[in-house]
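As structure tokens, the structure follows; a few thoughts come after it.
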Amino acid sequence: MLSVTRLRVLEPDLDGIGGQIDALAVQIPQAVKGMAVVIESDIEVDLPALLKRLRQVGMQPLGVIDGALNAAAQDCGLPVLSKEVGRTSAPRDMPAATAEPESEPAPPKAAAAPPPEPAAAAGVTKRRAARIISEPVRSGQQIYAEGGDLIVLNTVSPGAEVIADGCIHIYGKLGGRAIAGARGDETARIFCRKLEAELLAIAGFYMVAEQLKDAPRGQPAQVCLENGRLKIEPHTV
């Protein structure tokens, strides 16, 4: 089982993208080195230059998501992948249960409405219903809640990754990586019953395990973004 990270391009500013990639490599070098990445974009961007920046920091681009970069990917010898790649690494016979029966037809609606995405950073886009996962999120799995909150009723194992455009609620141990506000929502938060995280992130601001020495490890906690820094506090779940 391979954990794949989806890199979404929101603006064609290659210098800005490169700066974010370099900053991420400095903040979490152990996570970036060897990170398998698929690139998603609804706009055209200089793909060869982007691939070069990714490889310079140790990321491993696997392909692009079906969209605006298809022709450029073929020129670079990269495969064009399904829109579902990178959303979850769970195999088909391993259920990633959701309490929302409409969650299956929902992705096409999101794909057909790209204009709201830039507004998400301003916190004005309506969130979709939360995605609810009842099984443990095992090492190597990646679970993504697009356009809303993610609720995990079990544990998140070390080596697993949970991502949400909104908030993340974990009613068990958080032992892997949790990334909230994935599209720039700085009001997003992370809640967990037992904090043992390898990485925490909100709207692009990251902290790794080595930076969590003063955090309430092993205890219920909440994480929010305050003045450009992650704030971690004890919290009763």
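Which value does Rg/Rh take for the range 128-207 over its C-alpha atoms, Rh per Kirkwood?
Values: Rg = 10.8 Å, Rh = 11.7 Å.
Computed over Cα atoms, the ratio is 0.92.
Over the alpha-carbon set of the range 1-86, divide Rg by the Kirkwood Rh and report the Rg/Rh ratio to two decimals.
That ratio equals 0.93.
Here the label points at Arg8 and Glu44, each 7 Å from Cα along the C-beta direction, are separated by 2.3 nm in the simple model. Centroid-to-centroid, using Cα positions, the range 38-75 and the range 144-172 are 26 Å apart.
Just so you know, all these numbers are worked out from the coordinates, no wet-lab data involved. In this text the structure is predicted, and so the values were computed from the model without any measurement. Using ideal geometry, Cβ is built from the backbone for each residue, glycine included, and neighbour counts are taken over all protein chains shown.
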